[in-house]
Amino acid sequence: MTKETITADAAGTWDLGDLSVRRIGLGAMRLTGSAAFHHGTPSPRERSLTVLRRAVALGVDHIDTAAFYFSSLRSANELINTALAPYPEDLVIATKVGPYRDPDGGWATAARPDQLRGHVEENLRQLGRDHLDLVYLRRMRQDSLAEHFGALAELREAGLVRHLGISAVEPRHLAEALEIAPVAAVQNRYAVDRPDPAGDELLRLCGAHGIAFVPFYAVAGESGEYGATAAHDEAVLSVARAHGASPAQVRIAWTLHQGPHVLAIPGTGDPVHLAENVAAGALRLTEEERTLLDTARGRAG
């Protein structure tokens with residue numbers, strides 16, 4: 001890929017409810033350290049602030065965060081507030097509720113429906129906002145999400161939340177949620193090296209309903225919260241060589257090629273990687289390259 005500065009405009013746009021966003025966004029989890037949560041060494045605070053400001057300068061207008069994104073010294077929400085408030089009018093901040101952690105970083109049990117208002121208010125306080133643009137209910141292995149999603153729908157009616165999403169779900173949970181309130185986005189693990197029939201069906205259903213599909217760990221692969229994977233199929237490497245791109249850029253481009261309703265939220269705490277991630281929105285894969293990657297994905301299963 002060329003070395004010229006490429007902005008998030010290159011990826012095009014999609015609507016989260018009535019909020020238009022560019023299809024390349026930023027996941028905030030990695031801002032808290034060299035790896036997620038309490039793993040690794042906290043990254044320099046100024047570098048994390050630089051990433052956020054640089055992201056906005058590159059046209060990123062969709063940031064994905066959560067109150068439970070914190071490490072021993074860093075809070076993603078506090079970094080976002082410090083770097084970007086007063087916020088640009090077009091900036092959409094999405095957050096998640098459902099899981100929660102104690103102050104020492106340990107994972108507590110999933111929130112009860114009656115606790116979700118407190119978690120929404122915690123995000124509001126940390127971000128310094130009077131409402132949240134988009135709140136995902138992150139399912140914590142519950143068979144049904146109706147009671148929890150219903151509680152969030154009440155907060156939407158109260159004006160604390162503008163749009164609702166669901167995360168870590170199966171197709172049946174999307175149908176369940178749509179019976180309760182509009183769903184603006186579905187966030188699930190989804191990647192070029194991770195075959196997932198349920199994810200493929202969710203991708204299709206979201207497209208049919210005009211709902212954004214937002215994969216996480218698309219770049220990280222099996223390494224998950226620990227950061228970008230170093231393991232790439234030969235198909236990814238060959239496409240990267242053909243475009244003079246990095247494997248991570250190919251993984252992001254493949255994600256965006258899954259449909260116009262698909263958004264990418266690669267996370268990074270490195271300004272250089274940020275620019276590379278945003279530039280991936282300009283990478284156009286040929287039909288042959290997409291077939292090659294899709295075939296490799298099938299083999300990975």
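Numbers below:
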quantity	calculated
Hey, residue 217 aromatic (Phe, Trp, Tyr) and at positive phi or not	yes
Residue match in region 266-284 (condition: crowded, with 19+ Cβ neighbours inside 10 Å, β-branched (Val, Ile, Thr) and closer than 23 Å to residue 14 by Cβ)	yes
Hey, residue 137 in contact with a Leu (Cβ under 9 Å, 6 or more places away or on another chain) and in a strand (DSSP E or B) or not	yes
Residue satisfying condition, being touching a strand residue (DSSP E or B) at 6+ places or on another chain (Cβ under 8 Å), in a loop (DSSP other than H, G, I, E, B) and over 21 Å from residue 100 (Cβ atoms), within set 183, 169	183
Flag if residue 30 is assigned to a helix (DSSP H, G or I), modelled with pLDDT of 95 or more and of a type in the set (D, E, K, R)	no
From the options 269, 259, 298, residue that is out of contact with any strand residue (DSSP E or B) (no Cβ under 6 Å at 6 or more places or on another chain), more than 23 Å from residue 16 (Cβ to Cβ) and not in a helix (DSSP H, G or I)	269
Within region 116-128, tally of residues that are surrounded by fewer than 16 Cβ atoms within 10 Å (Cβ to Cβ) and at negative phi	3
Considering residues of region 101-130 that are touching a strand residue (DSSP E or B) at 6+ places or on another chain (Cβ under 8 Å) and either assigned to a loop (DSSP other than H, G, I, E, B) or modelled with pLDDT under 95 (or both) only, the residue nearest to residue 77 (Cα to Cα)	129
Selected residue (only one of 200, 196, 133 is of a type in the set (Asp, Glu), within 24 Å of residue 259 (Cβ to Cβ) and touching a strand residue (DSSP E or B) at 6+ places or on another chain (Cβ under 7 Å))	133
So residue 72, is it more than 23 Å from residue 215 (Cα to Cα), modelled with pLDDT under 95 and surrounded by 20 or more Cβ atoms within 10 Å (Cβ to Cβ)	no
Number of positions in region 140-154 that are part of a helix (DSSP H, G or I), surrounded by fewer than 23 Cβ atoms within 10 Å (Cβ to Cβ) and in contact (Cβ under 8 Å) with a residue 12 or more places away in the chain	5
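The values are calculated or read from the model by the stated rules, or taken from the named source; none is laboratory data. What you see is a predicted model, and the numbers here were worked out from it, not measured in a lab. Note that we place each Cβ from the backbone using ideal geometry, even for glycine, and neighbour counts take in every protein chain shown.
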